[in-house]
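The values are calculated or read from the model by the stated rules, or taken from the named source; none is laboratory data. Keep in mind the model is a prediction, meaning the values are calculated, not measured. Positions of Cβ are backbone-derived with ideal geometry, glycine not excepted, and every protein chain shown enters the neighbour counts. Note: accessible area is taken over every heavy atom of the protein model, side chains too, but ligands, DNA and RNA are not part of it. Shrake-Rupley method; radii C 1.70, N 1.55, O 1.52, S 1.80 Å.
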Amino acid sequence: MEAWQENMRDRMKDKKRIVIKIGSSSLTHPNTEKLNLGKLELLVRILCDLHNQGKEVVLVSSGAIAVGRNKIGLREAPKNIPQKQACAAIGQAQLMMIYQKLFSEYNHVTAQVLMTKHTIVRPESRINAQNTFHELLQLGVIPIVNENDTISTYEIKFGDNDRLSAVVTALIQADLLILLSDIDGLYTDDPNQNPQAGFIDIVPKMTKDFFEMGKKSSSSTMGTGGMATKLDAAKIATESGADMIIANGEDLHILPKIMAGEKEGTLFLAHKNDDFYLIDYLSEE
């Protein structure tokens, strides 16, 4: 690693307001697609320790539909919107109950925040959401965010939690977004198809060339987004003024390594856009 790159990694130690997104594939057992409670407990312990260090932490968690689907014994992924929304309604309550139980064991308080695109597009609700996040963080609470799949339709969906986490990052003016998924980071090509694909350690600025690398590279049946959605998230996060890292959530010990400045995942450097306006990024979809 070159000296300037090492310095970029080293500044992760000083990040104060952090948004962490974890996908369904990182929360479930691949063979049963049921919650991996061991990983969930480890995630909570690591987030609580980050909070104990004086950092403000927001978790964007997928998994509600998967949890609901398993709760009612649905073997196949739901195929229509009412079925997905029913699974989300069942699973979100179950998932939050588990999160609250685990966080409370480490004496931390959580809050559920469910959002749709309307939350951001409508000025009054956007300001209310922003004020709520700031108050929760000031109170020392760890917000747990998800898309409100129970009521979402195509017109008001973010589409995936990669984009949602970037929107939250911009909304609360966080200085770091970490996307945990089933991939190590950004490659020059799809590493599942091309063994010669090169790993990209640092992206100084999002350009057209990087977007062209955004092929669908997630092999998971649990998630909804591939690399393309993560690059969309990188554009929102970095132009709002936050650094972003894509890393593999298979081993959650990667989180303290990232925060210690170690070379993990792909780092997208903040490149603040002075004309940044969040609504413009949602209208680009």
Rg/Rg_globular for segment 9-60, with Rg_globular taken as 2.2 N^0.38 Å and Rg from C-alpha atoms: 1.33
With r defined as the distance between the Cβ atoms of Leu139 and Ala197 and R0 fixed at 41 Å, what FRET efficiency is calculated, to the nearest 0.05? 0.35
Just the number, please: percent antiparallel of the DSSP beta bridges in the chain, rounded to the nearest 5. 20
So for segment 51-202, what percent of the C-alpha to C-alpha distances run longer than 20 Å? 58
Let's see if you can work this out: charge +1 on each Lys and Arg Cβ, -1 on each Asp and Glu Cβ, no other charges. What is the dipole magnitude of the chain about its Cα centre, in debye to the nearest 20? 800
Which value in deg cm²/dmol, rounded to the nearest 500, describes the helix-derived mean residue ellipticity at 222 nm for the chain, given -39,500 (n - 2.57) per DSSP H run of n ≥ 4 and division by the residue count? -13000 deg cm²/dmol
Run the simple label-point estimate for Glu124 and Ser104 please: 7 Å along Cα→C-beta, distance reported in nm. 3.5
Enumerate the calculated ³J(HN,Hα) couplings along segment 185-201 in order (Karplus 6.51 cos²θ - 1.76 cosθ + 1.60, θ = phi - 60°), each rounded to whole Hz, writing x wherever the residue is Gly or Pro. x, 8, 10, 5, 8, 5, x, 6, 9, 10, x, 8, 4, x, 7, 9, 6
Give me the percent of accessible area attributable to carbon and sulfur for the chain, probe 1.4 angstrom. 49
As a Kirkwood estimate from alpha-carbon pairs, segment 1-95 has a hydrodynamic radius in angstrom of 15.4
Per-residue HN-Hα couplings for segment 130-140, Karplus 6.51 cos²θ - 1.76 cosθ + 1.60 at θ = phi - 60°, whole Hz, x for Gly and Pro? 4, 5, 5, 4, 4, 5, 4, 5, 5, 7, x
Among Gln100, His134, Asn7, whose Cα projects farthest towards the positive end of the dipole of the chain, with charges put on the beta-carbon of Lys, Arg (+1) and Asp, Glu (-1)? Gln100
Would you mind working out the accessible area per residue for the chain, using a 1.4 Å probe, and quoting it in Å²? 47
Among Ile279, Leu164, Ile72, the residue whose Cα sits farthest towards the positive end of the charge dipole of the chain (+1 at Cβ of Lys and Arg, -1 at Cβ of Asp and Glu, taken about the Cα centre) is Ile72
Say we join alpha carbon atoms closer than 10 Å with springs in a Gaussian network model of the chain; which of Asp251, Asp243, Asp201 then has the biggest fluctuation? Asp251
Here D for segment 162-218, in µm²/s, from Stokes-Einstein with a Kirkwood Rh over Cα pairs at 20 °C and 1.002 mPa s, works out to 165
Approximate shape of segment 79-164 as ellipsoid semi-axes (Cα gyration tensor, √5λ), whole Å, largest first: 23, 19, 8
Lys79-Lys205 pseudo-label distance in nm [points 7 Å out on the Cα-to-Cβ vector]: 4.8
Any chance you could list the semi-axes, whole Å, largest first, of the equivalent ellipsoid that the Cα gyration tensor gives for the chain, using √(5λ)? 26, 22, 21
